[in-house]
Amino acid sequence: MWSRLVWLGLRAPLGVRQGFTSKADPQGSGRITAEVIEHLERLALVDFGSREAVARLEKAIAFADRLRAVDTDGVEPMESVLEDRRLYLRSDNVVEGNCADELLQNSHRVVEEYFVAPPGNISLPKLDEKEPFLHS
Amino acid sequence: MHFRNYASQGASRHSEAESPDQDSGVTMAAPMLRWGCRGRRWAFARVDGGSCHRRGAPTGSTSNRIRGQSSVAQQPLHTAQKPRKGEHKWAAVVGLEIHAQISSNSKLFSGSQVRFSAPPNSLVSFFDASLPGTLPVLNRRCVEAAVMTGLALNCHINKKSLFDRKHYFYADLPAGYQITQQRLPIAVNGSLIYGVCAGKKQSQVIPKMVRIKQIQLEQDSGKSLHDDLRSQTLIDLNRAGVGLLEVVLEPDMSCGEEAATAVRELQLILQALGTSQANMAEGQLRVDANISVHHPGEPLGVRTEVKNLNSIRFLAKAIDYEIQRQINELENGGEILNETRSFHQKLGCTMSMRDKEGKQDYRFMPEPNLPPLVLYDATSLPAGADPQQVINIDQIRETLPELPSVTREKLVQQYGMLLEHSFTLLNEVGLLEFFQNVIKETRAEPKKVTSWVLNTFLGYLKQQNLAVSESPVTPSALAELLDLLDSRTISSSAAKQVFKELWKREGKTPGQIVSEKQLELMQDQGALEQLCHSVMEAHPQVVMDVKKGNPRAVNKLIGLVRKATQSRADPVMIKEILEKKMSL
């Protein structure tokens, strides 16, 4: 079942997190409000640029909602598909590191062995400041 | 299979607004509203004028202390002193979130080294840098550290605990999430007992308890250095992935002093266990405080979170400031916003770190790459298991080092000192070791040693703001001095003189100083008796006064004899001789 959902996630090219089932759809209407879209965009830093994208999201959620058809009464939920595996414990030895040069090569900008990032948090534009495609 | 619904994030007690940075960068959002109404709290105190434990002068309020510190953070005092009739008193509620860096060789989920200072990004593995294809591998030592700490804090150790991802975007968190234990942490429901000094001379120790909600394992983030000039942030990932123990203290404390004392006790425990060096200055122990005020009997007020507390002292200050700020705000008809505030050391006040982004939603999900962490005890240990791969809680419990509370008890039993003395000995870094070294080398009575170490030695240290490690007087020197005193070679006032000389760091031993300054006590009993006799003859009036029963006259006589001996006679001996002569 996990692999099915991963596939679903890959199909929707927006990087939407699966498992986001009930919040958008309490009444079963299948519509997602502008507030929810804005919230998602902030959280995941994705851009639902068009109405089609939102429609695809709604379809994805509806597809996942079909899980509710399964009767899970009295079934103990799993923690994860790995839950029967033993968690390997590593000894506390230093075996990695010392590869600053290699790592820094990945960075677009570097200053004296530091990665360079934009300052602090960049404010996202508010809902009313954006192109109001959802309202039209 | 059905999905765990993380929508009920009200279950998580507070949210972290940003990476646990030392430097206060911009915060993401205000923490969540839910505080959790508790019916009873253990350490409940009224907040009169900001100080919850009487310290002598009733007007000694916290605001006064802070006012003395800075000229900027002035707060009106009219509210705090005398509540008008019918007006409610205020109660403050303080909870703490403490992050302690685990003392281990390598990081929580990777094999790169844990070290305080190193060239930027040199202690970073591919996993720490969050490169694709890397996976977390749990460090056994970190789990042991968590279990030890949980046991020392009377927690229930969860035999099964789970790892989760907590998502937020910040440059020093390369993965975009932190691996933590939100659903089921490794230890829950413990307690921490600490002793607050109270009473007229701060001589009484009152035990208080704060409940421990949980202890969880989580990753530390990297460090951000904000370069506002060039509008950029420099990122060093050396700290990213280091194991942390998050210890959550329930809001059972009611003022800065209680919080500071609890943190100090936790520090001592962690250091005794060896699970963390817990040095706040080096960032190994970070504390965030959650503070609210309310009228007793009414529901809890809106809380604020205060961050950037770098020392025990500032922790107390910041909390007391915030309590008073909230009281002032409410009494002036304002309201408290549920926000994160940062403490500014120089100004002695808290300031809002409010960001316009709104509430944070961490989208917790199970860490898919880590199965549940299963711990065993003596009864459940699987037969034939690889000892390297199993952790036995009972075995860890048996090998726990001695905790500070036990050390104190032993000091009281063994050396007959007061409990508050034992607290002082443990609270000052290096003092206990110093004390024990003196005890080892001297013949003098333990009570004498205690008195000299806690009064004279500590007094000199405090006066010159020195640490024990910077002391010019070594344990051996003090031991030698106390031996001289014990053998009545010198008087106690001479000993104080010698100590003063020793402090000058001129490299002389106590014996040398004594002979140089001729401080030896007169040993010749006969000569002393002669002197007493001649003094008595020379001052008949004083002798008359003594015989009449004037208590001060005796001291005057003793003083005269001492002068005659150039302070080289033991006043106790002088008194004995005089009294014998006067047949008193």
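The values are calculated or read from the model by the stated rules, or taken from the named source; none is laboratory data. Because the structure is a prediction, the values reported are computed rather than measured. Glycine also receives a Cβ, built like all others from the backbone with ideal geometry; neighbour counts cover every protein chain displayed. SASA here: full protein model, heavy atoms, side chains in, ligands and nucleic acids out. Shrake-Rupley method; radii C 1.70, N 1.55, O 1.52, S 1.80 Å.
Report D for region A:59-106 in µm² per second (integer): Stokes-Einstein, Kirkwood Rh on Cα pairs, 20 °C, 1.002 mPa s.
The calculation lands on 130 µm²/s.
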Exercise for the section: Quick one: give the max-minus-min coordinate of the C-alpha atoms of region B:342-438 along each principal axis, largest first, in Å. Expected result: 60, 56, 19
Practice task
Determine the distance separating the Cα centre of region B:129-146 from the Cα centre of region B:435-504; give it in Å without decimals.
Solution key: 49
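Please compute, over every Cα-Cα pair in region B:91-145, the percentage with a separation greater than 18 angstrom. List each step's numbers first, then the result.
On the way: 695 of 1485 pairs.
Of the Cα pairs, 47 percent sit more than 18 Å apart.
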Problem - Eligible aspartates and glutamates near B:Lys208 by straight Cα distance, threshold 14 Å, same-chain separation 8 or greater - result: B:Glu250, B:Asp252, B:Glu257, B:Glu258, B:Glu265
Problem - Debye intensity ratio in log₁₀ form over the Cα atoms of region B:442-489, taken at each q of 0.28, 0.29, 0.33 Å⁻¹ - result: -1.05, -1.09, -1.22
Practice task
Identify all aspartates and glutamates with a Cα-Cα distance to B:Lys447 below 15 Å; exclude those on the same chain that are fewer than 8 residues away in sequence.
Solution key: B:Glu420, B:Asp483, B:Asp486
Practice task
Enumerate the aspartates and glutamates that B:Lys160 could reach by cross-link, defined here as Cα to Cα under 13 Å, with residues fewer than 8 away along the same chain left out.
Solution key: A:Glu79, A:Glu83, A:Asp84, B:Asp377
Handout entry: region B:243-292 - Rg and Dmax from Cα coordinates, angstrom
Key = 11.2, 34
Practice task
From other protein chains only, count the Cβ atoms within 10 Å of every residue's Cβ in B:109-115, then give the mean.
Solution key: 4
Handout entry: Calculated on alpha-carbon atoms, Rg and Dmax of region B:464-525 in Å
Key = 12.1, 43
Handout entry: Distant alpha-carbon pairs in region A:29-68 (separation over 16 angstrom), percent
Key = 35
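Anything over 20 Å Cα to Cα? Flag those among B:Lys448/B:Lys563; B:Lys517/B:Lys581; B:Lys517/B:Lys556; B:Lys410/B:Lys448; B:Lys556/B:Lys580, in the order listed.
Details: B:Lys448/B:Lys563 27 Å; B:Lys517/B:Lys581 31 Å; B:Lys517/B:Lys556 25 Å; B:Lys410/B:Lys448 18 Å; B:Lys556/B:Lys580 16 Å.
Table pairs above 20 Å Cα-Cα are B:Lys448/B:Lys563; B:Lys517/B:Lys581; B:Lys517/B:Lys556.
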Handout entry: Too-long pairs where the Cα-Cα distance tops 22 Å, listed order kept, from B:Lys166/B:Lys213; B:Lys307/B:Lys462; B:Lys107/B:Lys213; B:Lys89/B:Lys213; B:Lys548/B:Lys575
Key = B:Lys307/B:Lys462; B:Lys107/B:Lys213; B:Lys89/B:Lys213
Practice task
Over region A:29-68, with every protein chain in place, what whole percent of the accessible area is carbon and sulfur at 1.4 Å, could you tell me?
Solution key: 56
Problem - Descending semi-axes in Å of region B:478-584, equivalent ellipsoid built from Cα gyration tensor - result: 31, 12, 11
Problem - For region B:271-393, average projected area of the Cα convex hull in nm² - result: 13.7
Exercise for the section: Put one equal scatterer on each alpha carbon of region B:391-474, apply the Debye formula with no solvent term, and list log10 I(q)/I(0) at q = 0.12, 0.15, 0.25 1/Å to two decimals. Expected result: -0.41, -0.59, -1.27
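Just flag the trypsin sites (Lys or Arg not before Pro) in region B:390-454 sitting in loop per DSSP whose Cβ has no more than 13 other Cβ atoms within 10 Å. Spell out each step's value before the answer.
Details: sites: B:Arg397, B:Arg408, B:Lys410, B:Lys440, B:Arg443, B:Lys447, B:Lys448; in loops: B:Arg443.
Answer by residue number: B:Arg443.
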Fill in the blank from the handout: Here the relative contact order (percent) of region B:152-260, from C-alpha pairs under 8 Å and at least 6 apart, is 24
